[in-house]
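I have placed the structure first, in the form of structure tokens, so that the comments after it can refer back to it.
Readers should treat all values here as calculations from the given coordinates under stated rules, not as data from a laboratory. Since this is a predicted model, take the numbers as computed values, not measurements. With ideal geometry, Cβ positions are generated from the backbone for all residues, glycine too; neighbour counts draw on all protein chains shown.
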Amino acid sequence: MQAVYILWLREIKRYTRSRARMVGSLGQPLLFLVALGFGLGPVFQKAGQGNYFEFLTPGVIAMGILFTSIFAGIQVIWDRQFGFLKESLVAPISRFEIMLGKTLGGATIAALQGIIVFAISFLLGFRPTSFLLFPLFFVFIFLIGVLFTAVGVAVASILEDISGFQLIMNFLVQPLFFLSGALFPLDKVPKVLLGITIIDPLSYGVDALRGVLMGQNHYPLLLDFSLLGGITVVVLSVGSYLFSRIEL
């Protein structure tokens, strides 16, 4: 496991060296918080749904984690094109350890991104309804990060072109976010749309964050954790298999 730890640290250092990337990745969550949270707030309140900014914040935190983690797969393609991946693959360690180290590194960065978005929302006026469940916040943001970083690495393992990866991820990321309940409550949506949100794994991440921060979860927290954990194990297994088939 020492190799996993080393790769994990390397991925974190690589990301933190790029300040422009760190700052740029905060632009979209900040835009959603300000433009939608405050812009649609009066409409949401007139509909009898309460404070939309507070409702939106957990979804935007999940969005920041999603975008940061799933695009971590680009680094795999980048390393392959410039020969850095070959150095890792020929090392006397298993490819599963390499994939796990990269996944944990990307997930840690994504979790930090979620914490930063939460801090920004706190400065803008968001307040958790209770701090008793707040430690679970860190558990869920890391679990969401692991899940979608593994998805990004798995997809990158079968592609060799960055533009192709970006097209597939854009096609995947937008539906994952918009159909997760991040922007609307799940208790009053049509049954067809609710059925789609059920198969969206991000739905359980958003619901868990909303339950931990606001006490307004649609599903039990134990169910959210179980489904996120189970899906993560499956994706890690598939990603490990695909990563092991990368040709030098």
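Modelled label-to-label distance, Ile196 and Phe122, 7 Å Cα→beta-carbon offset: nm?
3.5 nm
What FRET efficiency do you get for Ser130 and Asn170 if R0 is 35 Å and r is their Cβ-Cβ distance, rounded to the nearest 0.05? Let's see the in-between values first.
On the way: r = 37 Å, r/R0 = 1.05.
My answer for the efficiency is 0.45.
Please rank Arg127, Arg95, Arg210, fewest neighbouring Cβ atoms within 10 Å first, as an exposure proxy. Show your work: numbers first, answer last.
Details: Arg127 11, Arg95 17, Arg210 26.
Listing Arg127, Arg95, Arg210 from fewest to most nearby Cβ atoms yields Arg127, Arg95, Arg210.
222 nm [θ] for the chain, helices only, -39500 (n - 2.57) per DSSP H run of 4+, per residue, to 500?
On the way: 13 runs with 182 residues, N = 248.
Result for the chain: -23500 deg cm²/dmol, rounded to the nearest 500.
Looking at the square roots a ≥ b ≥ c of the eigenvalues of the Cα gyration tensor of the stretch 2-244, which shape do they give, rounded for a/c under 1.5, prolate if a/b is larger than b/c, or oblate? Don't jump to the answer; show the numbers that get you there.
Values: a/c = 1.94, a/b = 1.78, b/c = 1.09.
The shape class here is prolate.
Quick one: if the Förster radius is 30 Å, what FRET efficiency do Leu40 and Leu9 give, using the C-beta to C-beta distance and rounding to 0.05?
Values: r = 41 Å, r/R0 = 1.37.
Result of the calculation: an efficiency of 0.15.
Taking 0.36 nm per residue of separation and subtracting the Cα-Cα distance, what length does fully extending Ser237 through Ser94 add?
Between Ser237 and Ser94, full extension yields an extra 50.1 nm.
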